[in-house]
Amino acid sequence: MKTNPQPSHLSSSETARYSRHILLQEIGVSGQEKLKASKVLIIGVGGLGGPVALYLTASGIGTLGLVDFDQVELHNLQRQILFGTKDVGIEKTAIANERLNEINPHTQIHTYPYKVTADNALDLFSAYDLIIDCTDNFPTRYLITDAAYLTGKPIIHGSLFKFEGQVSLFHPHQKGPCYRCLFPNPPAPGSVPNCGEAGVMGALCGIIGSFQAMEAIKFIAGFGESLLERLLLVDALSMQFQTIKSKKNPHCPLCGFDSKITHLNPKDYSQHCEIDMQDQTENNDYPLEIDPSEATHLIENDSNVILLDVREPMELQICCIEKSICIPMGQIEKRLNELPKDKHILAICHHGMRSMNVTQFLRSQGFSSVTSIRGGIDAWARQIDPSLQTY
Ligand SMILES: [Zn+2]
């Protein structure tokens, strides 16, 4: 399988621009020409995708694809260094395109301002040599894993959670495991918050994103020892780095001998809430989700209703609704016995995603009367109680 593209020649201004690369024996003119000939697709132009795109553009990657359906929001700016204050409300890929063009007009940028889906992933991936996974949710990560395998493309994986991050190179067609060899199936709904719901360290995004960019450059120019068959674990709190060996799983559902995944089925990559919503609204009198105003009405008029706050202790210190039971989402599974099955539980979190995960999880555990509060405490503060501090 072809992994490295054919070199293409450098102009004199490119040679001057990349001279500090070219002076490195491991890169030289030929390595720089390989970078110029390469096509790299970055999925997710946020905390990780920003530094990856900035470094790859400055490094002279020939063609860079950027996939992101989102617009810049104020709370992105703490870590998404491609964007500035004036960009709030504008499509991320459009701002990124402009900014990256300023950095290096020799890099061709293609933007895809939509979600990567089971319907478009194979076509999208086919046009590139290397995929860089900078997403922050499990359904998309599994979709990228499967689509890259089916199109024969390597993936540079990066992810983070609070103060920890991980990086690896997956290229099962050549050697070593795929992401599914290590993590065969997505985690159970409700067991893991995504970065939108947990806190994220801005500088850690920079560390992990820079490692991904470094791995991409090594892979394309063909030098050094890659993270193939190795998973780098970074703990930014103790500043400890660990590299663990990762092995192919012969029974992997994707790249194993008896592979079960031979095409992309959209149902396999739906957000958990979409799948479960259909299954769970049947035969249930309680709605899956209600607005803060409906929730207030229920709390005031129905003594059978209790409020379950599933945010983290740090968040509770910022604001909290009186008389809530507080159990962080990650502890729900262990503390089920603290929850009454005969009450109508209204679950609340910051924006409504964790509470929806918990609602589905509790329903799967036999709690039939559980409802998530739409928009979380943030919406509650805006619609019901402006004295609550927002964050
Ligand atoms: Zn595998």
Exercise. Between region 330-391 and region 42-57, what is the C-alpha centre distance in whole Å?
Worked result: 34 Å
Seminar exercise, completed: Checked region 274-383 against the a/c 1.5 cut and the a/b vs b/c comparison, axes a ≥ b ≥ c from its Cα gyration tensor; verdict rounded
Seminar exercise, completed: Mean Cβ-within-10 Å packing, highest first, puts peptides 127-137, 297-307 in the order 127-137, 297-307
For this session: Mind checking which lysines have their Cα closer than 28 Å to the Cα of LYS36? Skip sequence neighbours fewer than 8 apart in that chain.
Result: LYS2, LYS92, LYS115, LYS153, LYS175, LYS218
Exercise. Which distance in nm do the two modelled labels at ASP285 and ASP342 give, with both placed 7 Å along the Cα-to-Cβ direction?
Worked result: 1.5 nm
Seminar exercise, completed: Full extension between LYS245 and SER368 adds, at 0.36 nm per residue less the Cα distance, a length in nm of 40.0 nm
For this session: For region 1-135, list log₁₀ I(q)/I(0) at each q in 0.13, 0.14, 0.16 Å⁻¹, using the Debye formula over Cα point scatterers of equal strength and ignoring solvent, two decimals each.
Result: -0.56, -0.65, -0.82
Problem set entry | Mean residue ellipticity (222 nm) of the chain, computed from DSSP H runs ≥ 4 via -39,500 (n - 2.57), nearest 500 | -10000 deg cm²/dmol
For this session: Return the percentage of antiparallel bridges among DSSP beta bridges fully within region 42-177, rounded to the nearest 5 %.
Result: 45 percent
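Give me the number: length gained by fully extending ARG20 to LEU233, i.e. 0.36 nm times residue separation minus the C-alpha to C-alpha distance, one decimal in nm.
Extra length from ARG20 to LEU233 when fully extended: 73.7 nm.
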For this session: Starting from the Cα gyration tensor of region 12-270, take the square roots of the eigenvalues, sort them a ≥ b ≥ c, and report rounded, prolate or oblate (rounded when a/c is under 1.5, otherwise prolate if a/b is larger than b/c, else oblate).
Result: rounded
Exercise. What full-extension length gain, to one decimal in nm, is calculated for GLN383 and ASN120 as 0.36 nm per residue of separation minus the Cα-Cα distance?
Worked result: 90.8 nm
For this session: Mind giving me the FRET efficiency for GLU300 and CYS326? R0 is 30 Å, r the Cβ-Cβ distance, nearest 0.05 is fine.
Result: 0.90
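Output the antiparallel fraction of DSSP beta bridges having both residues in region 12-270, as a percent to the nearest 5.
Bridges in region 12-270 are about 50 percent antiparallel.
FYI, it's all coordinate maths here, none of it is from the lab. Owing to the predicted nature of the structure, the values given are computational and were not obtained by experimental measurement. Glycine also receives a Cβ, built like all others from the backbone with ideal geometry; neighbour counts cover every protein chain displayed.
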